[in-house]
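**Q** Take a look at this one; I'll ask things after.
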Amino acid sequence: MNEETQPAQPTPAPDPASVEHAILLRHLAAVQKRCSELLTQQAQEIARLRGQTMQLRAQIIARDSALAWAQADRAALEAAAPDLAPRVRLARKVKELHARLQDLMREKLQMPISASPPSTAEPDLSELEAGIVAADLVICQTGCLSHGAYWRVQDHCKRTGKTCVLVEQPEHYRVVRIHQVHEALQLDSDG
């Protein structure tokens, strides 16, 4: 018999160990591929987080630098004016007291004139009010008005829009009569 006429040899049966080995190799290849993908994703995430960390560090450095400069400026101001902090507190207190004084003056001006004045009141405030209402221009010598009357005159002038002039030395000023528009028109129509 020659080799060409020999019957085909049956293929040997696969060895169960080699089949299992092939399955494990395919599974190992899939796991390695998955691990490679995870490593790539983690490397990208790490790069992104490093960039974000760098930006946050830059923001912190900028903030800390600005804070340090502001503290240095404040220290320089405090060194230049050692009484600055008490003066700031006093200025706030003055504003509060001024606002309170304005409120009290408004309350006092809203009281009816017929109400009995307190025992320390100025002389006849109703006459003062009547004189101010009738005046075209209010000229006050500052030394001749009591404190309460001064504030009352100032507030009335502000509310009514009248001109109010305060003088310390009245001898330098002469009294000038100011005619209102309707009085001037009456004189023109009569003449």
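No value in this document is a laboratory result; all are computed from the given coordinates. Bear in mind that the values here come from a model prediction, so they are computed numbers and not experimental data. Cβ sites come from the backbone with ideal geometry, for glycine too, and all protein chains shown count toward neighbours.
**Q** Can you list the lysines whose alpha carbon sits under 22 Å from that of Lys162, skipping same-chain ones fewer than 8 residues off?
**A** Lys108
**Q** Shifting gears a bit: Can you work out ³J(HN,Hα) from phi for every residue in the range 60-74, in order, using Karplus 6.51 cos²θ - 1.76 cosθ + 1.60 and θ = phi - 60°, giving whole Hz and x for Gly and Pro?
**A** 5, 5, 5, 5, 5, 5, 4, 5, 5, 5, 5, 5, 5, 4, 5
**Q** Going toward the positive end of the dipole of the range 21-119, with +1 on Lys and Arg Cβ and -1 on Asp and Glu Cβ, which of Ala22, Ala43, Leu90 do you reach last?
**A** Ala22
**Q** Apply the Karplus curve 6.51 cos²θ - 1.76 cosθ + 1.60, θ = phi - 60°, to the phi angles in the range 78-92 and return the couplings in whole Hz, x for Gly and Pro.
**A** With coefficients 6.51, -1.76 and 1.60, one gets 5, 5, 6, 10, x, 9, 5, 4, x, 5, 5, 4, 5, 4, 5 Hz.
**Q** Quick one: what are the phi-derived ³J(HN,Hα) couplings along the range 32-46, Karplus 6.51/-1.76/1.60 with θ = phi - 60°, whole Hz, x for glycine and proline?
**A** 5, 5, 5, 5, 4, 4, 5, 5, 5, 4, 5, 5, 5, 5, 4
**Q** For the range 57-111, how big is Rg over Rh, using alpha carbon atoms and the Kirkwood form of Rh?
**A** Reported Rg/Rh (Cα atoms, Kirkwood Rh): 1.38.
**Q** So if I place +1 on the C-beta of Lys and Arg and -1 on the C-beta of Asp and Glu, and nothing else carries charge, what would the dipole magnitude of the range 19-64 be about its Cα centre? I want it in debye, nearest 20.
**A** 140 debye
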